[in-house]
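Worksheet: one structure, shown below.
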Amino acid sequence: MEQNRHFGLMVLPGTVLFPHMILPLYIFEPRYRKLLAKSLSGDRLFAVAQEMNGRPADVFGTGVIRAAVRNKDGTYHILIEGVHRYRIDSLVNDSPIYEVKASQLPPNPGVESEPQIRSEIEQILERAMQNNDRLRDYMEAISYKAMDDNRFCDILASLLIQESQRRQILLEEDDLGKRLCLLHDYLNGLEG
């Protein structure tokens, strides 16, 4: 895992990038176009943080740019596939873009998940899929039952949790068991 890696951040209100999530973005601001150009000429890694109280959230997602289409006016449409979570260690600069040093969070810090919670989340998901053909087709196409708990939790959080504050809480939780319990509680609240 990488410690103290330097990132320029795209900071957006209401946007949380989870590992395994596909995020489409329209890049139009000159400062973010410059950040994108740097990423495209390098490792294609792009960092997105939710704006919280006028600054980036302490935990953010990074993703690989899978597609980038440059428009005639110099703007871009891009697709990012989330790969990692990072926690900000220090702020390097805050203008014109936020630049930070950050450490990668482990995908699973060795905490065992709860099989009962996973089973209950799958039951909630199956009820949701009964009323949503598109969701059912997508989840079946990605073989959700065979996924490890990290991927399962991240994908469901990105698809089904709409409130950005709750999504951020899920992104920040290091403990996989607690993350699954939070997801379970949030999904139960949506049903109830």
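When the residues of segment 161-192 are filtered to those that are acidic (Asp, Glu), over 14 Å from the mean Cα position of the chain (by Cα) and assigned to a helix (DSSP H, G or I), which remaining residue is surrounded by the fewest Cβ atoms within 10 Å (Cβ to Cβ)?
Step by step, filter segment 161-192, then rank; the result is Glu191.
Residues being among the aliphatic types (A, V, I, L, M), out of contact with any strand residue (DSSP E or B) (no Cβ under 7 Å at 6 or more places or on another chain) and modelled with pLDDT of 95 or more: count how many of those fall in segment 134-181.
Final tally of qualifying residues: 2.
What residue, of Leu17, Leu9, is of a type in the set (A, V, I, L, M) and part of a loop (DSSP other than H, G, I, E, B)?
Matching residue, one of Leu17, Leu9: Leu17.
Which one of these does Gly74 not meet: (1) part of a helix (DSSP H, G or I); (2) within 26 Å of Leu25 (Cα to Cα); (3) of a type outside the set (Phe, Trp, Tyr); (4) more than 19 Å from the chain's Cα centre (by Cα)?
(1)
Which condition number does Gln3 fail, the rest of (1) farther than 22 Å from Leu170 by Cβ; (2) modelled with pLDDT of 95 or more; (3) assigned to a loop (DSSP other than H, G, I, E, B) being met?
(2)
Could you say which residue among Ala146, Ala128 is of a type outside the set (Ser, Thr, Tyr), without any contact (Cβ under 8 Å) to a residue 12 or more places away in the chain and either in contact with a Leu (Cβ under 9 Å, 6 or more places away or on another chain) or more than 27 Å from Leu12 (Cα to Cα) (or both)?
Ala146
Looking only at segment 20-34, how many residues end up being more than 19 Å from the chain's Cα centre (by Cα) and part of a helix (DSSP H, G or I)?
First, pick out the residues of segment 20-34 that are more than 19 Å from the chain's Cα centre (by Cα): 28-31, 33-34.
Narrowing the set further to residues that are part of a helix (DSSP H, G or I) leaves 30-31, 33-34.
Number satisfying all stated conditions: 4.
For segment 39-57, which residues satisfy the criterion of being charged (D, E, K, R) and not in a loop (DSSP other than H, G, I, E, B)?
Within segment 39-57, Glu51, Arg55 meet the criteria.
The values are calculated or read from the model by the stated rules, or taken from the named source; none is laboratory data. Everything numeric here is computed off the predicted structure, so don't read it as measured data. All Cβ positions, glycine included, derive from the backbone under ideal geometry; neighbour counts span all protein chains shown.
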